[in-house]
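Undergrad: This is the structure, below, for whatever I ask next.
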Amino acid sequence: MNKIYLVSLIIILASCNKTNHNNNSISKSSFFDFSFFDKKEITIDSLILINSKNATLLEFYRTHKFNTVWNSQSDREWFLNEISNAGKEGLKPEDYNYKELNLLEENRANLSDSIISIYDILLTKSTQLYINHLSKGKLNPKKLYSNWDLEEKKILVNKILSDGLDNNNLKNAIENCKPKHLVYQKLKESLRILKQFPEDNLKELVDLKEKIVPNKKNKYLPLIKKRLFYWGDMIEKDTLLTTLYNKKTQEAVKIFQARHGLKPDAVIGRSTIDALNFSRNQRIEQVIANLERWRWFANDFGEHYLLINIPDYSIVAVKKSDTLQSQRVVVGKESRKTPVLDSKISNINLNPNWTVPPTILKEDIYPDAIRNCGIFKKKGLIILDEKNNEINPYSWKMEDTYKYKYVQKPSRNNSLGSMKINFPNHYSVYLHDTNHRNFFAYSYRSLSSGCVRLEKPLEMATYIINDTIKWPLQKIKDTTDIVYYRKLARKKQQEIDSKNAKLLAKNPKLIIENKQLPKPELKTIVIKVNEDIRLHQLYWTAWETNGILNFREDIYCLDSDLYNKLR
């Protein structure tokens, strides 16, 4: 096909040089509208399509009886204008043969029927590609990442194109292929805003290692002030550009830090410097990478869902477009990334026990256990054989390790904390409480082994269960609190002791067996979630809110690599 297009263009250019001037003169002097003749169909040689080895293209023209379909000048011109502006979607006009198509359109009046057929095929092929890219992205994430588990979109590209052309509704057909998510629309606005910024030729702050604290002097302050002014975080320019970290600059730094998901404390540390070092073009590339990701995500998140943005360390619960819950989360470290996935909440475990997964056993437990078997007791682990009999940890041997499972009993201080939310997935991950509750105070929270840890787990459990009669928040708190059970046990023991005392008062010779109540312990409770609540664990590092650009650290280093693959 490419060779045919190239030969065709050479023929066109040669013929245009001879005839273009006269034809232009005629068209300008004519009082008649010749657009009627533009509507005629031309029969296409089916061998061209068969030889193209493009099944989708062949099927499309077979459906249209091997006739040209781009017979409307308005359709052609609209599509050419659309792909000329593909950059607004983070795409490239040249991917859709814009220059070649535009040249053919400019000279269409002089083309033979056979060349018009080639032009028609190229238009169709370019439109099919554009529809696919808008609908599900240029790249397939499952071929790029091992931990990306989104349902692949099924696109009826020929139906979309046929409906648009046959019903004189091409614009709507193409527009409907674009993601409707608000974040996608805001990313397009981010791209527009960034392209309006002047060229950025500011020097990087690569040498800065020490922190800069308020009211101190530092030689890098003039450069930092230039960057803050460039990005609009400092409105009034410091014309003197002094080395003093003054009040005005501190306020600008706080604004900058908030936009980048950093603690707005005005202390200029490594994270703030890294964000300041980004150039305009790097931010443009970041937005383009995020636009591609949003074309991968589901078109419809459902009526009721939990949405996690991994680099933003955040989760929101949305029902009928209202955000009803919002929390901070801890996500997987770079070596154990939190997977991107769509699923559905199935059940909640209160007081879960924790069976240690193979990766953590191999990397975190076994190396220490080989040196000292006491590590099992130190980490609160019991070793169970295939019959669930407990094994003495000091008899443990590495060669027998795969015969056992390693479990932490329910406790506020086990690795899952007091609550776990389950959902089907291929990575053995879930949402849960944590025994490292201090992590939520950090700005950088890529610290888990892959699961997502919740800042307010019991509040989220109450929300998901949504039964204030059976499971109000206080009951969930009591159910997961060993102190509560100890109080109940003491009260029960006091009642028994009081009853026995009364019996002995009546009959001092009565012999009463001294029974002790069993030691209180937490038991796992599984609560089925009947409501249809979807879960979306996604990854995006840029967005726009009311004209303000927001960026997050690319914690898994995906943005630059994705942009390079797109280009």
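The values are calculated or read from the model by the stated rules, or taken from the named source; none is laboratory data. From a predicted model like this one, the values you see are computed outputs, not experimental measurements. Cβ sites come from the backbone with ideal geometry, for glycine too, and all protein chains shown count toward neighbours. Side chains are part of the model used for accessible areas, which takes the heavy atoms of the whole protein and leaves out ligands, DNA and RNA. Shrake-Rupley method; radii C 1.70, N 1.55, O 1.52, S 1.80 Å.
Undergrad: What are the residues in the range 64-91 that are open to solvent by 40 Å² or more (accessible area, probe 1.4 Å) and in contact (Cβ under 8 Å) with a residue 40 or more places away in the chain, if any?
TA: Selection gives Trp78, Lys88.
Undergrad: Do the conditions hold for Val483, that is, is it of a type in the set (Val, Ile, Thr) and closer than 30 Å to Lys337 by Cα?
TA: When the stated conditions are applied, Val483 does not pass them.
Undergrad: List pairs: first residue in the range 547-561 and acidic (Asp, Glu), second residue open to solvent by 30 Å² or more (accessible area, probe 1.4 Å) and outside any loop (DSSP other than H, G, I, E, B) anywhere in the structure, Cβ distance under 9 angstrom, at least six positions apart or on different chains.
TA: What qualifies is Glu553/Ser271; Glu553/Asp274; Asp554/Ser560; Asp559/Gln282; Asp559/Glu285; Asp561/Leu144.
Undergrad: Can I ask one more? I'm told Arg293 meets every condition in (1) touching a helix residue (DSSP H, G or I) at 6+ places or on another chain (Cβ under 8 Å); (2) within 23 Å of Phe440 (Cα to Cα); (3) touching a residue at least 60 places away in the same chain (Cβ under 8 Å); (4) open to solvent by less than 20 Å² (accessible area, probe 1.4 Å) except one. Can you identify the failing condition by its number?
TA: (2)
Undergrad: So which of Arg270, Arg259 is among the basic types (Lys, Arg) and closer than 30 Å to Lys92 by Cβ?
TA: Arg259
Undergrad: Collect the residues in the range 393-419 that are in a strand (DSSP E or B) and either under 19 Å from Lys362 (Cα atoms) or open to solvent by 30 Å² or more (accessible area, probe 1.4 Å) (or both), keeping them in residue-number order.
TA: Matches in the range 393-419: Lys405, Tyr406, Val407, Gln408.
Undergrad: Going by the conditions given, is Pro393 within 27 Å of the chain's Cα centre (by Cα) and not β-branched (Val, Ile, Thr)?
TA: No, not satisfied.
Residues checked against (1) touching a His at 6+ places or on another chain (Cβ under 6 Å); (2) under 21 Å from Asp400 (Cα atoms); (3) part of a strand (DSSP E or B); (4) free of Cβ contacts under 8 Å to residues at least 24 places away in the same chain:
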| position | (1), (2), (3), (4) |
| --- | --- |
| Asp342 | yes, no, yes, no |
| Ile348 | no, no, yes, no |
| Glu363 | no, yes, no, yes |
| Asp368 | no, yes, no, yes |
| Lys377 | no, yes, no, yes |
| Ile382 | no, yes, yes, no |
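Undergrad: If Ile465 satisfies all but one of (1) out of contact with any strand residue (DSSP E or B) (no Cβ under 7 Å at 6 or more places or on another chain); (2) more than 30 Å from Tyr556 (Cα to Cα), what's the number of the condition it fails?
TA: Among (1) out of contact with any strand residue (DSSP E or B) (no Cβ under 7 Å at 6 or more places or on another chain); (2) more than 30 Å from Tyr556 (Cα to Cα), the lone unmet condition for Ile465 is (1).
Undergrad: Given the conditions (1) touching a Leu at 6+ places or on another chain (Cβ under 7 Å); (2) open to solvent by less than 20 Å² (accessible area, probe 1.4 Å); (3) not aliphatic (A, V, I, L, M), which single one is not true for Lys333?
TA: (2)
Undergrad: Can you pull out every residue in the range 376-392 that is closer than 29 Å to Asp481 by Cβ and open to solvent by 70 Å² or more (accessible area, probe 1.4 Å)?
TA: Lys377, Lys378, Lys379, Asn388, Glu390
Undergrad: Another one. If Pro311 meets every condition in (1) closer than 28 Å to Lys362 by Cα; (2) part of a strand (DSSP E or B); (3) not hydroxyl-bearing (Ser, Thr, Tyr) apart from one, which number is that one?
TA: (2)
Undergrad: Take the residues in the range 544-567 that are aromatic (Phe, Trp, Tyr) and over 13 Å from the mean Cα position of the chain (by Cα), then tell me which one is farthest from Val183 (Cα to Cα).
TA: Tyr563
Undergrad: Sort out which residues of the range 426-439 are touching a residue at least 24 places away in the same chain (Cβ under 8 Å) and surrounded by 16 or more Cβ atoms within 10 Å (Cβ to Cβ), and write them in order of number.
TA: Tyr427, Val429, Leu431, His432, Asp433, Thr434, Phe439 - these are the residues of the range 426-439 that are touching a residue at least 24 places away in the same chain (Cβ under 8 Å) and surrounded by 16 or more Cβ atoms within 10 Å (Cβ to Cβ).
Undergrad: Which ones in the range 143-157 are among the aliphatic types (A, V, I, L, M), touching a Ser or Thr at 6+ places or on another chain (Cβ under 8 Å) and touching a residue at least 40 places away in the same chain (Cβ under 8 Å)?
TA: Val157 - this is the single residue of the range 143-157 that is among the aliphatic types (A, V, I, L, M), touching a Ser or Thr at 6+ places or on another chain (Cβ under 8 Å) and touching a residue at least 40 places away in the same chain (Cβ under 8 Å).
Undergrad: With the requirement that a residue be farther than 20 Å from Glu89 by Cβ and not polar (S, T, N, Q), what does the range 151-198 give you?
TA: Residues satisfying the conditions are Glu151, Glu152, Lys154, Leu156, Lys159, Asp163, Leu165, Asp166, Pro198.
Undergrad: Condition test on Glu41, is it open to solvent by 30 Å² or more (accessible area, probe 1.4 Å) and either among the hydrophobic types (A, V, I, L, M, F, W, C) or in a helix (DSSP H, G or I) (or both)?
TA: No, not satisfied.
Undergrad: Considering each of Tyr96, Tyr119, Tyr61, Tyr130 in turn, give the residue that is aromatic (Phe, Trp, Tyr), open to solvent by less than 50 Å² (accessible area, probe 1.4 Å), closer than 15 Å to Leu165 by Cβ and within 33 Å of the chain's Cα centre (by Cα).
TA: After ruling out the rest, the residue left standing is Tyr130.
Undergrad: Given the conditions (1) in a helix (DSSP H, G or I); (2) open to solvent by 20 Å² or more (accessible area, probe 1.4 Å); (3) of a type in the set (A, V, I, L, M, F, W, C), and given that Cys373 satisfies all but one, which numbered condition is not satisfied?
TA: Single failed check for Cys373: (1).
Undergrad: Do we find that Ile465 is open to solvent by less than 60 Å² (accessible area, probe 1.4 Å), closer than 22 Å to Ser346 by Cβ and out of contact with any Asp or Glu (no Cβ under 7 Å at 6 or more places or on another chain) in this structure?
TA: yes
Undergrad: Do the conditions hold for Leu150, that is, is it among the aliphatic types (A, V, I, L, M), within 22 Å of Pro424 (Cα to Cα) and either modelled with pLDDT under 95 or surrounded by fewer than 18 Cβ atoms within 10 Å (Cβ to Cβ) (or both)?
TA: For Leu150, the condition - among the aliphatic types (A, V, I, L, M), within 22 Å of Pro424 (Cα to Cα) and either modelled with pLDDT under 95 or surrounded by fewer than 18 Cβ atoms within 10 Å (Cβ to Cβ) (or both) - is met.
Undergrad: Restricting to the range 159-205, what's the tally of residues that are open to solvent by 30 Å² or more (accessible area, probe 1.4 Å), polar (S, T, N, Q) and in contact (Cβ under 8 Å) with a residue 60 or more places away in the chain?
TA: So the count comes out to 1.
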